[in-house]
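Sharing a structure, written as structure tokens. Questions coming.
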Amino acid sequence: MREIVFDTETTGFEPSDGHRIVEVGCVELMDHIPTGRTLQFYLNPERDVPIESQRVHGLSNEFLADKALFAHVVEEFLEFLGDAPLVIHNASFDIKFINAELERVSRPRIPLSRAIDTIEIAKRKIPGARYSLDELCKRFGVDLSARTKHGALLDAQLTAEIYLELIGGRQRGLMLAPVEIAAAQGTEQVRAARQRPEKLAPLITVVELEIHAAFVAKELGGKDLWNN
């Protein structure tokens, strides 16, 4: 099954206020495993980027001035998405921005029902936790050292790791064959056998002991090894 993990960086919080996308990042998964295929665009938002937003993602007006418009990359973007489900952290935010951009270039909207929201999965799996990407990365031991600022491609890669943790990791659904199960069991630590507080009484009879001693004396040369 093919899935696309998807993230955006924007000039603000609401497209209805004229805010635009400044970066798109996508990561391809196949059967819940990253394939190595990614897609990233920096975009000219055709407006100023507020200083508050620049502090979040580090993308300045000067940096974005010569970048492509969304209209120039929309076909490549939609082709990369295909018809795959979209894995998104806080899906409603990114979907509303993508749909605003799609409407500007007369392309069909993406239904929210197509999105798999990692926040919603986290709420079901770990109720009461903090659900920011940073907090979930810390919970699952995902390396955040490269995240000095937000970035769409980096955040999509982190979201992919969080998604895999939330659904059970890369071994989700893996069924071990009997040989593999035996091998796995063979690696378990051997535990010492529990000792009885009192030894059990022997079940061998006196007659059986005499027969055994006669056999050892006659057939085995009376070696002490066999009499112990």
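Once fully extended, how much extra length lies between residue 68 and residue 35, figured as 0.36 nm per residue of separation less the alpha-carbon to alpha-carbon distance? Each step should come with its number before you reach the end.
Values: separation 33, 0.36 × 33 = 11.88 nm, distance 2.61 nm.
Gain in length upon complete extension: 9.3 nm.
Ok, one more. Report, by chain and number, residues whose modeled amide H sits under 5 Å from the one on residue 20, excluding near sequence neighbours (fewer than 5 apart, same chain).
It is 11, 12, by chain and number.
Below 8 Å, C-alpha to C-alpha, sequence gap of six or more: please give me the relative contact order for the stretch 2-166 in percent. Intermediate values should be presented prior to the final figure.
Values: 268 pairs, mean separation 47.6, N = 165.
Averaging sequence separation for qualifying contacts and normalising by length gives 29 percent for the stretch 2-166.
Quickly work out the residue 92-to-residue 148 label distance, labels modelled 7 Å from Cα along the C-beta direction, and quote it in nm with one decimal.
Result: 3.5 nm between the two label points.
May I ask for the net charge around residue 80, where only other residues with Cβ less than 13 Å from the Cβ of residue 80 are counted and Lys, Arg are +1 while Asp, Glu are -1?
On the way: positive: 2, 37; negative: 3, 28, 75, 76, 79, 83.
For residues surrounding residue 80, the net value is -4.
Collect residues whose amide H, placed 1.01 Å from N in the peptide plane, falls under 5 Å from the amide H of residue 68; neighbours closer than 5 in sequence don't count.
The list, which skips near neighbours in sequence, is 44.
So, one more: I'd like the Karplus ³J(HN,Hα) series for the stretch 95-103: coefficients 6.51, -1.76, 1.60, θ = phi - 60°, whole numbers in Hz, and an x wherever there's a Gly or Pro.
In residue order, the calculated couplings are 5, 5, 6, 4, 5, 5, 5, 5, 5 Hz.
In the neighborhood of residue 53, defined by Cβ-to-Cβ distances under 13 Å, what is the net charge if each Lys or Arg adds +1 and each Asp or Glu adds -1?
Values: positive: 20, 47, 55, 149; negative: 9, 14, 17, 23, 48, 52.
In short, -2.
In nm, to one decimal, how far is the residue 1 label point from the residue 134 one, both placed 7 Å along Cα→Cβ?
That separation, rounded to one decimal, is 3.2 nm.
How far is it, in nm, from the label point at residue 216 to the one at residue 204 when both lie 7 Å from their Cα along the line to the Cβ?
0.7
FYI, it's all coordinate maths here, none of it is from the lab. None of these values were measured; they are calculated from a predicted model. Methodologically, a virtual Cβ is constructed for each residue, glycine included, from the backbone with ideal geometry; neighbour enumeration extends over all protein chains shown.
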